[in-house]
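Here is the structure we will look at.
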Ligand code: GAL
């Protein structure tokens, strides 16, 4: 990796794709984030967990499915009806077939081999899709962590091993080929909570499974091991759900360094522990995705957990909060999975789930997660670039007091001296402004607008306007650290016992649109840039080119780097061939213009190499990076 001064021979080697084996920075000419399965836009639907915990049954599932159809939500795109923890009875011995709790799912009583097929047939006949739940270990979350859990699996130790571990192919075949499910959420408690000395192992309830993930320690996690297990499920899905749409949802809560690899394996990947119907907890979950816009793409979404609209701090008496939660999830391309007993749906709650303008933002085909245009502990402004070139903008008051805020044309990357038209997606009122617009936000309120004006870059897109097309295949982080900016809330599972809950790995130090890593400003040798991609050196970004002809950027070491540290070279590759590269740029060197012809190229790769190697890479900025026609 120390290629600061390249010999002619090394340059030749760079001119063709190097073997990917020993150099993670070697361009491959391909898009490596997951595109298997069927999630071109974030999945939408309903899940039993937030509404019913493990006390799930067929009546409840069907009632919510019917409500999705009757209330017009299915037509808007809410089509997955997902059964979470609590459906299983046992794993039959000796053949290992999974049995359903037929007392709760009577339509599954189909003779010797109970089957969910009647239920999935019924859901499919309603125009819906069906989802099921499992665990990557031998045992489930309810079995390991919850003493008073309803519907615990029954029987012997082997019969109570309901998770996928050791049964991946057989179970996936059963769930997809035989029972015809379309979606699976794979939890991970079974590879987390059963060390030899766990009380429930000692008491003989469960077999030990040496933990592969330690929520509090990356060093204590077997990252390659856990990834391999999830990849096995992905491979089984490709075979057993072949030719069918399917969705593979990873539920590792940000542990096991899933922040780097989840996007390569599943269609959605949880970034945090469970959401609760509590304002502060919603903030925590939100914060785990806000700096990760570049890690979400069609086919591989960030998942800050399901919606809690309708309950607790987001109930009928807290519609401001409920609208904020929904708006933020829509803007950030979170899966819109309703977690509410839809039998209780009121017109006000329906108006939230059924806000077609917000659903359209979430389902916009460009797949760009909103980018933080303004950030503070009190107010945040998120901007999302839509396929049409319009923008959506949300101004979010995190605080419990009213806030005066300003939206600027710059934040929308629009010209300040031309009209910008805004449509309020809650009130549906229209207005326009130039330069900047003062606004007021009530406590916890989010204003959200669709904006059209004259774009600063009329003949192209900045790369930070298309995070859905940029994949940090290598983001240069030498050692992931928990993100200290994530809101620390009191969790219901520990209350204020112990030292407090620590977030998992979030997006700390990763690649960011319009910011340097760690959420810091983009600035090269004293010149500030409000546009670009910030990343650590020793990184490789894959960028999909959808018909643009020129790449341009101003590159250099970001001013958040260190004078004493190494110099960085910036390389631009097109479909595996070197197009151009910068001289070595040291800290304090002025930004260097880079330009490359990308006509006909499908994948552009942006590679940075730091002469000091891997341990303390400089922040490397692709400022003003853009594709133009
Ligand atoms: C948790 C998961 C929740 C829910 C629960 C079921 O690990 O994050 O979303 O599925 O398990 O026990």
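The values are calculated or read from the model by the stated rules, or taken from the named source; none is laboratory data. Since the model is a prediction, treat every value here as computed from it, not as a measurement. Cβ sites come from the backbone with ideal geometry, for glycine too, and all protein chains shown count toward neighbours.
When residue 479 is tested against (1) surrounded by 14 or more Cβ atoms within 10 Å (Cβ to Cβ); (2) modelled with pLDDT under 95; (3) over 29 Å from residue 595 (Cα atoms), only condition (1) is not met. Residues that are in a strand (DSSP E or B) and either touching a residue at least 40 places away in the same chain (Cβ under 8 Å) or over 27 Å from residue 280 (Cβ atoms) (or both) within the stretch 458-516 comprise 460, 461, 462, 470, 471, 472, 473, 474, 491, 512, 513, 516, listed in sequence order.
Looking at this structure, is residue 95 more than 16 Å from the ligand (Cβ to nearest atom), more than 25 Å from residue 149 (Cα to Cα) and without any contact (Cβ under 8 Å) to a residue 40 or more places away in the chain? The answer is yes for residue 95. Counting only residues that are farther than 18 Å from residue 25 by Cβ and either in a strand (DSSP E or B) or without any contact (Cβ under 8 Å) to a residue 60 or more places away in the chain (or both), the stretch 584-601 holds 10 of them.
Does the stretch 110-122 contain at least one residue that is outside any loop (DSSP other than H, G, I, E, B), out of contact with any helix residue (DSSP H, G or I) (no Cβ under 8 Å at 6 or more places or on another chain) and either within 11 Å of the ligand (Cβ to nearest atom) or more than 18 Å from residue 199 (Cβ to Cβ) (or both)?
Yes.
Taken over the stretch 32-55, the criterion of being under 30 Å from residue 243 (Cα atoms), within 16 Å of the ligand (Cβ to nearest atom) and part of a loop (DSSP other than H, G, I, E, B) is satisfied by 43, 48. State whether one or more residues within the stretch 326-338 are within 16 Å of the ligand (Cβ to nearest atom), more than 15 Å from the chain's Cα centre (by Cα) and outside the structural domain of residue 426 (by TED's automatic domain parsing). Taking every residue of the stretch 326-338 in turn, at least one turns out to be within 16 Å of the ligand (Cβ to nearest atom), more than 15 Å from the chain's Cα centre (by Cα) and outside the structural domain of residue 426 (by TED's automatic domain parsing). Tell me, please, whether a residue that is assigned to a helix (DSSP H, G or I) and either in the same structural domain as residue 128 (by TED's automatic domain parsing) or over 30 Å from residue 355 (Cα atoms) (or both) can be found in the stretch 79-94. So far as the stretch 79-94 goes, no, none of its residues is assigned to a helix (DSSP H, G or I) and either in the same structural domain as residue 128 (by TED's automatic domain parsing) or over 30 Å from residue 355 (Cα atoms) (or both). Restricting the stretch 151-174 to residues that are within 21 Å of residue 265 (Cα to Cα) and free of Cβ contacts under 8 Å to residues at least 60 places away in the same chain leaves a set whose member that is nearest to the ligand (Cβ to nearest atom) is 163.
Of all the residues that make up the stretch 362-394, how many are farther than 22 Å from residue 275 by Cα and in a helix (DSSP H, G or I)? Count: 0.
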